[in-house]
1. Full extension from residue 136 to residue 51: what is 0.36 nm times the residue separation minus their Cα-Cα distance, to one decimal in nm?
2. Calculate, in nm to one decimal, what residue 89 and residue 105 gain on full extension: separation in residues at 0.36 nm each, minus their alpha carbon distance.
3. Rank-order 116-124, 97-105 by packing density, defined as the average count of other C-beta atoms within 10 Å over each peptide's residues, highest first.
4. Two decimals, Cα atoms only, Kirkwood Rh: what is Rg/Rh over the range 35-170?
5. Taking the simple approach of a point 7 Å from Cα along Cα-to-Cβ for both residue 65 and residue 35, what is their distance in nm?
């Protein structure tokens, strides 16, 4: 589409004229579609760190993990709600039931926090910061990410954070 430019003459009103866009001899770069990987794909150290294949792999892995956690939480909440109808007269059974439901709710709360961490990791993938330490911006490493896909820190930075938490917890 041609650009429209305003030309001014001294002492007269501005006039519009059509200026054609200069023709470029550069070739047009066509962007590729989304990167597809096989179900058996595993990131390799020989590939460029956090290339598109790596991002797709971790995005799929995190999304599937999140779906599994949500499904497990929904089943636990549904099944836990059904157990409330069995109120026993025996005080030991009541205490045992209370402990069981308390343990189950703590597990669900941990999984909810994990789902939140997965969402943050997915956001970092979109922002191209996934796989890099939040403190040092160094690569976290494929092995660590394979073991813990929601990792935010390198091992050294994680140890420092845990040490700092322990120091503050002792205060």
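1. Computed gain between residue 136 and residue 51 is 28.6 nm.
2. Net length gain for the segment: 3.5 nm.
3. 116-124, 97-105
4. Reported Rg/Rh, Kirkwood definition of Rh: 1.12.
5. 1.8
Throughout, read-outs are computed from the coordinates displayed, never taken from laboratory work. The shown structure was predicted, so the numbers you read here are calculated from the model rather than taken from an experiment. Note that we place each Cβ from the backbone using ideal geometry, even for glycine, and neighbour counts take in every protein chain shown.
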